[in-house]
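Asks: Handing you this structure, nothing more for now.
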């Protein structure tokens, strides 16, 4: 199989794919992280500008890089005392970008809403189940990112948060350190949190319950 040389000109690390511009010119070639030999580790990821050698195959009628070789850039580790492998330091868990404050604020909103209008008993278990499902979705997405497999769409993560799984998403972002730095993702995430809280309060109000009563269960 012919080998080509080129440069990585686009890379989406969250989704694990990008495009190579061959040295001889022509159309860019799609490349997935699973095509690397050997596959990069979580601390060593491809970056734009990386020089690559690769073969080209066809998938779905489109060219796709195969048997890619190149040396991804090793991400520098944060300075400071070494920590026990496998454990997330308590400081990192506590730094949740407002996540802890959001959960505490929602708890106060919940109590206030329950005192004024009451909250059905099934709502709390519903939030707990959705939070667990959302946490698992984040965990699966991080595993897929590390293994170079297909990722969970961000739209799915946002939909789960909007439905009520956002507390689980906050826990996942802190404990798994996943999706905790991407600014555009976090901006949309906080919009889903705000939307869910507004809907929660609105549905507990007399007007909200009157509206719900119009829908047959």
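Asks: Return the ratio Rg/(2.2 N^0.38 Å) for segment 4-73, where Rg is computed over Cα atoms only.
Replies: Dividing the Cα Rg of segment 4-73 by 2.2 N^0.38 Å gives 0.98.
Asks: Multiply the residue gap between residue 104 and residue 181 by 0.36 nm, knock off their C-alpha separation, and tell me the result in nm, one decimal place.
Replies: Roughly 25.6 nm would be gained on extension.
Asks: To make sure I understand, if each residue's beta carbon is the centre and we count other beta carbons within 10 Å, what order do 4, 138, 127 fall in, fewest to most? Before the final figure, lay out each step's value.
Replies: Details: 4 16, 138 23, 127 20.
Going from sparsest to densest Cβ surroundings: 4, 127, 138.
Asks: A follow-up question, please. How high is the FRET efficiency between residue 211 and residue 51 when r is their beta carbon distance and R₀ equals 41 Å, given to the nearest 0.05?
Replies: 0.10
Asks: Among 54, 135, which comes first, second and so on when ranked by fewest other beta-carbon atoms within 10 Å?
Replies: Final ranking by Cβ density, sparse to dense: 135, 54.
Asks: So between residue 9 and residue 143, what do we pick up on full extension, going 0.36 nm a residue minus the alpha carbon distance?
Replies: Taking residue 9 through residue 143 to full extension adds about 45.7 nm, to one decimal.
Asks: Just to be sure I understand the model, the point goes 7 Å from the Cα along the line to the Cβ. What's the resulting residue 198 to residue 122 distance in nm?
Replies: Roughly 2.6 nm, to one decimal.
Every read-out reported here was derived from the displayed coordinates using simple, explicitly stated rules and does not represent laboratory data. Everything numeric in this text was worked out from a predicted model, so none of it was measured. Glycine also receives a Cβ, built like all others from the backbone with ideal geometry; neighbour counts cover every protein chain displayed.
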